[in-house]
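Only the coordinates and a few stated rules stand behind these numbers; no lab work does. Treat the numbers as computed from the prediction; the structure is a model and nothing was measured. Here Cβ is always computed from backbone atoms with ideal geometry, including for glycine, and neighbour counts include all displayed protein chains.
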């Protein structure tokens with residue numbers, strides 16, 4: 001799979017992203033970029049509006065990368081274009097450009 005293959009996810013109303021093993025976003029769909037009020041590609045959670053929650057987000061990413069098992073959790077980010085939001089999240093391992101990455105999909109819990 002390549003970054004070009006991910007373009008279809010820009011059409012969905014859910015947040016969808018891909019992070020490398022260092023926690024840097026290598027791709028994010030329109031929904032997550034809208035939540036951040038900026039393009040997230042090339043940034044880590046600590047560089048985004050929800051930086052105060054970066055440690056918790058990174059810990060969940062690491063768990064998925066270390067175990068290889070999908071993770072289903074609720075994550076709260078305190079700063080976004082919608083203020084504080086709770087997300088229902090699934091994180092999982094995937095291959096992008098021949099390398100292991102953490103993929104995520106989530107939606108805001110109303």
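If you go through the range 58-82 and keep only what is touching a helix residue (DSSP H, G or I) at 6+ places or on another chain (Cβ under 7 Å) and in a helix (DSSP H, G or I), you end up with just 58. Note on the range 39-57: residues that are surrounded by 14 or more Cβ atoms within 10 Å (Cβ to Cβ) and part of a loop (DSSP other than H, G, I, E, B) total 6. The set of residues in the range 61-87 that are free of Cβ contacts under 8 Å to residues at least 40 places away in the same chain and under 15 Å from residue 20 (Cβ atoms) comprises 62, 64, 66. When each of 93, 32, 109 is tested for being in contact with a strand residue (DSSP E or B) (Cβ under 7 Å, 6 or more places away or on another chain), surrounded by 14 or more Cβ atoms within 10 Å (Cβ to Cβ) and under 16 Å from residue 14 (Cβ atoms), the lone residue that passes is 32. Find the residue count for the range 6-27, including only residues that are assigned to a strand (DSSP E or B) and surrounded by 17 or more Cβ atoms within 10 Å (Cβ to Cβ). Final tally of qualifying residues: 8.
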